[in-house]
1. In this structure, does residue 125 turn out to be at pLDDT below 95, within 22 Å of residue 81 (Cα to Cα), assigned to a helix (DSSP H, G or I) and not charged (D, E, K, R)?
2. Restricted to segment 27-85, and to residues that are modelled with pLDDT of 95 or more and assigned to a loop (DSSP other than H, G, I, E, B), which residue is most open to solvent (accessible area, probe 1.4 Å)?
3. Kindly establish whether residue 125 is open to solvent by 20 Å² or more (accessible area, probe 1.4 Å) and free of Cβ contacts under 8 Å to residues at least 24 places away in the same chain.
4. Filter segment 146-177 for residues that are outside any helix (DSSP H, G or I) and free of Cβ contacts under 8 Å to residues at least 24 places away in the same chain; which is surrounded by the most Cβ atoms within 10 Å (Cβ to Cβ)?
5. Given the criterion open to solvent by 80 Å² or more (accessible area, probe 1.4 Å) and within 22 Å of the chain's Cα centre (by Cα), identify the matching residue among 18, 24.
6. Residue check: is residue 186 open to solvent by less than 20 Å² (accessible area, probe 1.4 Å), without any contact (Cβ under 8 Å) to a residue 40 or more places away in the chain and not aliphatic (A, V, I, L, M)?
7. For the structure I just gave you, tell me whether residue 100 is more than 20 Å from residue 125 (Cα to Cα) and surrounded by fewer than 14 Cβ atoms within 10 Å (Cβ to Cβ).
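The values are calculated or read from the model by the stated rules, or taken from the named source; none is laboratory data. Note that the structure is a prediction, hence the values are computed from the model and not measured. Don't worry about glycine lacking a Cβ; one is built from the backbone with ideal geometry, like all the others, and counts go over all protein chains shown. These area figures cover heavy atoms from the full protein model, side chains too; ligands, DNA and RNA do not enter into them. Shrake-Rupley method; radii C 1.70, N 1.55, O 1.52, S 1.80 Å.
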Amino acid sequence: LTKRLAIEQSRHVALRIVEALGKVGDEMSLNVLVAAGESSPYSGVRAEAALAVGRYAYRGIKNKTAVQFVADLIERNATDEAWKAAYAMMRVADSVLLARYTSILLRSASSADVHTRMFSAAALSKSGLTRDIVNTLLSLALQDSDWRVRVNSIKALAGVGRSLQARVIPVMLTLLADSSEHVSLTAASTL
C-alpha cells in the first residue's frame, strides 16, 4: 500500500489507500502516511490521513510526527480537516504526546464546527485536566448549543482530580436537571 500510494495517479484510489493504511498499517507505514498527507497533490488526502492517524492510534500505533501532523491540521481550521484531526487527537489519548498541543485543543474546543468541538472536548481530557481545561470543559458542558459537545465535555470531566472537584460537582448537580436526557444521564454517571 505504501509503495502504491507514492505513485498513485488517481485521487479516489489514493484516498482509499490512505483509509486502508489506517486500518492495517504498521509503525513504519504511519510515517509514510503522514508524509503523503503533507505532500499529496489531491484534495481530501490530508483529511483522510488525519482519520487514518486516529485509526492507527486506536490500534495503539502513534508517534510525535503523526500528532504534530494532526495538530497542524487543526490549526489550519479547514472544517473537514479540523474535525478529523481533532478525532485523531482524541484517539491518541496520550498525555505525553498531547501535552504540547493543549492550547490548540483549547482553541478548537470553541470552533464553529460542532464535530471539531465535540472531539476536541474529548481530547482535552486526555491531555491532563488542568484548571484551564476544566474551565473550558465546564463552559462547554453548561453552554454549548449541541448536546453531543456537552456530553463529551461532561465525560471528559469524570477524571478531574480532587483539587478541582469542588468546582465540578455543583455543575454536575445542575446538569442533572438539564432538558436534554443525554446531558442529564451523562452528568449522573459522571457523578
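1. Working: at pLDDT below 95: yes; within 22 Å of residue 81 (Cα to Cα): yes; assigned to a helix (DSSP H, G or I): yes; not charged (D, E, K, R): yes.
Yes.
2. 59
3. Working: open to solvent by 20 Å² or more (accessible area, probe 1.4 Å): yes; free of Cβ contacts under 8 Å to residues at least 24 places away in the same chain: no.
Judged against the criteria, residue 125 is not a match.
4. 176
5. Values: 18 fails: open to solvent by 80 Å² or more (accessible area, probe 1.4 Å).
Matching residue, one of 18, 24: 24.
6. On the way: open to solvent by less than 20 Å² (accessible area, probe 1.4 Å): yes; without any contact (Cβ under 8 Å) to a residue 40 or more places away in the chain: yes; not aliphatic (A, V, I, L, M): yes.
Yes; evaluated as a whole, the condition is true for this residue.
7. Numbers: more than 20 Å from residue 125 (Cα to Cα): no; surrounded by fewer than 14 Cβ atoms within 10 Å (Cβ to Cβ): yes.
No.
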